[in-house]
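S.K.: Just dropping this structure here.
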Amino acid sequence: MAAKHKLICGLDEAGRGALAGPVVAAAVVLRARHNLKGLADSKILPAAERERLAKEIMERAEAWAVAEASPDEICRINILQASLLAMRRAFEALGLHADSTLSVIADGLYYPLGLPVGCAQVKADALVPAVSAAGILAKVHRDGLMRQLQEVHPQFAFGRHKGYPTPQHLQELAQHGPLPVHRRTFAPVRALLQTELEL
């Protein structure tokens, strides 16, 4: 098959380092010669640019899907395995089958089990457009989830810190205590829960 018809499926996640909320992964399939401009590592893009690109990706990608692993799953199998699980769920949601025309690339050091033959690549979110696109979708989707969480739990500024261990979030945790959406096995949350048990 000519290079211009080669399909690349990128896998990436968002939310690994957060103390609350799910880890979210996305799978995006692009042609090797796609016409999406401005794709980059989601972490360096301004929020408005991520939102714009996410809409364009959803409209113009060959296929895309988003999936999650819950805080409970993160605590049960650890954050690395939960991230890989979310990636596998995102790929499976595409409904694609192993095909010699499809190349699958996951961001990071590890490749999810149970997927067609592919590879993991460090910094693929900055180097491989399909992975960049997946990272953008995962980040935009997760940010939206965290804004919704703030509406339910207004004592936590999830819409601002997105559940990451910022000084503001740590202060909120100390003041209000952990919620069910917090990751119980992560050190700052675990320490507070242990303190509560000892009181």
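The values are calculated or read from the model by the stated rules, or taken from the named source; none is laboratory data. Predicted model only: the values in this text are computed from it and were never measured. For neighbour counting, all protein chains shown are included, and Cβ atoms are generated from backbone atoms with ideal geometry for every residue, glycine included.
S.K.: Condition first: among the β-branched types (Val, Ile, Thr), within 19 Å of Ser70 (Cβ to Cβ) and either in a loop (DSSP other than H, G, I, E, B) or in contact (Cβ under 8 Å) with a residue 60 or more places away in the chain (or both). Can you find one or more residues in segment 111-118 that meet it?
M.R.: Among the residues of segment 111-118, not one is among the β-branched types (Val, Ile, Thr), within 19 Å of Ser70 (Cβ to Cβ) and either in a loop (DSSP other than H, G, I, E, B) or in contact (Cβ under 8 Å) with a residue 60 or more places away in the chain (or both), which makes the answer no.
S.K.: Give me the pairs, please: first residue somewhere in segment 27-56 and touching a residue at least 40 places away in the same chain (Cβ under 8 Å), second residue anywhere and surrounded by fewer than 18 Cβ atoms within 10 Å (Cβ to Cβ) and part of a strand (DSSP E or B), beta-carbon distance under 8 Å, and either six or more positions apart or on two chains.
M.R.: Ala27/Ala63; Val28/Ala63; Val29/Ala63
S.K.: Just the residues that are surrounded by fewer than 20 Cβ atoms within 10 Å (Cβ to Cβ) and of a type in the set (A, V, I, L, M), please, taken from segment 3-37.
M.R.: Within segment 3-37, Ala3, Leu7, Ala32, Leu36 meet the criteria.
S.K.: Looking at segment 153-183, which of the residues that are touching a helix residue (DSSP H, G or I) at 6+ places or on another chain (Cβ under 9 Å) and within 14 Å of Pro22 (Cβ to Cβ) is surrounded by the fewest Cβ atoms within 10 Å (Cβ to Cβ)?
M.R.: Of everything passing the filter in segment 153-183, Pro180 is surrounded by the fewest Cβ atoms within 10 Å (Cβ to Cβ).
S.K.: Name the residue that is surrounded by the fewest Cβ atoms within 10 Å (Cβ to Cβ), counting only residues in segment 63-78 that are part of a helix (DSSP H, G or I) and among the charged types (D, E, K, R).
M.R.: Taking segment 63-78 and keeping what is part of a helix (DSSP H, G or I), we get 71-77.
Checking which are among the charged types (D, E, K, R) leaves us with 72-73, 76.
Values: Asp72: 14, Glu73: 17, Arg76: 12.
So the residue we want is Arg76.
S.K.: Over 24 Å from Met146 (Cβ atoms) and either under 17 Å from the mean Cα position of the chain (by Cα) or not aromatic (Phe, Trp, Tyr) (or both): is that true of Leu94 in this structure?
M.R.: Considered against the rule, which asks whether it is over 24 Å from Met146 (Cβ atoms) and either under 17 Å from the mean Cα position of the chain (by Cα) or not aromatic (Phe, Trp, Tyr) (or both), Leu94 comes out as yes.
S.K.: If a residue must be under 21 Å from the mean Cα position of the chain (by Cα) and more than 14 Å from Cys75 (Cβ to Cβ), how many such residues does segment 164-199 contain?
M.R.: Selection size over segment 164-199: 4.
S.K.: Out of curiosity, is Arg183 in contact with a Cys (Cβ under 7 Å, 6 or more places away or on another chain) and touching a residue at least 40 places away in the same chain (Cβ under 8 Å)?
M.R.: When the stated conditions are applied, Arg183 passes them.
S.K.: Can you name every residue in segment 135-175 that is in contact with a Gly (Cβ under 8 Å, 6 or more places away or on another chain) and either assigned to a loop (DSSP other than H, G, I, E, B) or over 30 Å from Phe91 (Cα atoms) (or both)?
M.R.: Lys162, Gly163, Tyr164, Pro165, His169
S.K.: Would segment 120-129 turn up any residue that is basic (Lys, Arg), in contact with a strand residue (DSSP E or B) (Cβ under 9 Å, 6 or more places away or on another chain) and surrounded by fewer than 19 Cβ atoms within 10 Å (Cβ to Cβ)?
M.R.: Applying the first criterion (basic (Lys, Arg)) to segment 120-129 yields 123.
Restricting the remaining residues to those that are in contact with a strand residue (DSSP E or B) (Cβ under 9 Å, 6 or more places away or on another chain) gives 123.
Still in the running and surrounded by fewer than 19 Cβ atoms within 10 Å (Cβ to Cβ): 123.
Checked segment 120-129: at least one residue is basic (Lys, Arg), in contact with a strand residue (DSSP E or B) (Cβ under 9 Å, 6 or more places away or on another chain) and surrounded by fewer than 19 Cβ atoms within 10 Å (Cβ to Cβ).
S.K.: List the number of the failed condition for Asn35; all other conditions in (1) in contact with a strand residue (DSSP E or B) (Cβ under 8 Å, 6 or more places away or on another chain); (2) more than 15 Å from Val128 (Cβ to Cβ); (3) at pLDDT below 95 hold.
M.R.: Result: Asn35 fails condition (1) only.
S.K.: State all residues of segment 38-62 that are surrounded by fewer than 16 Cβ atoms within 10 Å (Cβ to Cβ) and either among the aliphatic types (A, V, I, L, M) or assigned to a loop (DSSP other than H, G, I, E, B) (or both); if no residue qualifies, say none.
M.R.: Passing the criteria: Gly38, Ile44, Pro46, Ala47, Ala48, Met58.
S.K.: Is it true that Leu84 is buried (at least 24 other Cβ atoms within 10 Å of the Cβ), touching a Ser or Thr at 6+ places or on another chain (Cβ under 9 Å) and under 19 Å from Ser42 (Cα atoms)? Lay out the reasoning, then the answer.
M.R.: On the way: buried (at least 24 other Cβ atoms within 10 Å of the Cβ): yes; touching a Ser or Thr at 6+ places or on another chain (Cβ under 9 Å): no; under 19 Å from Ser42 (Cα atoms): yes.
For Leu84, the condition - buried (at least 24 other Cβ atoms within 10 Å of the Cβ), touching a Ser or Thr at 6+ places or on another chain (Cβ under 9 Å) and under 19 Å from Ser42 (Cα atoms) - is not met.
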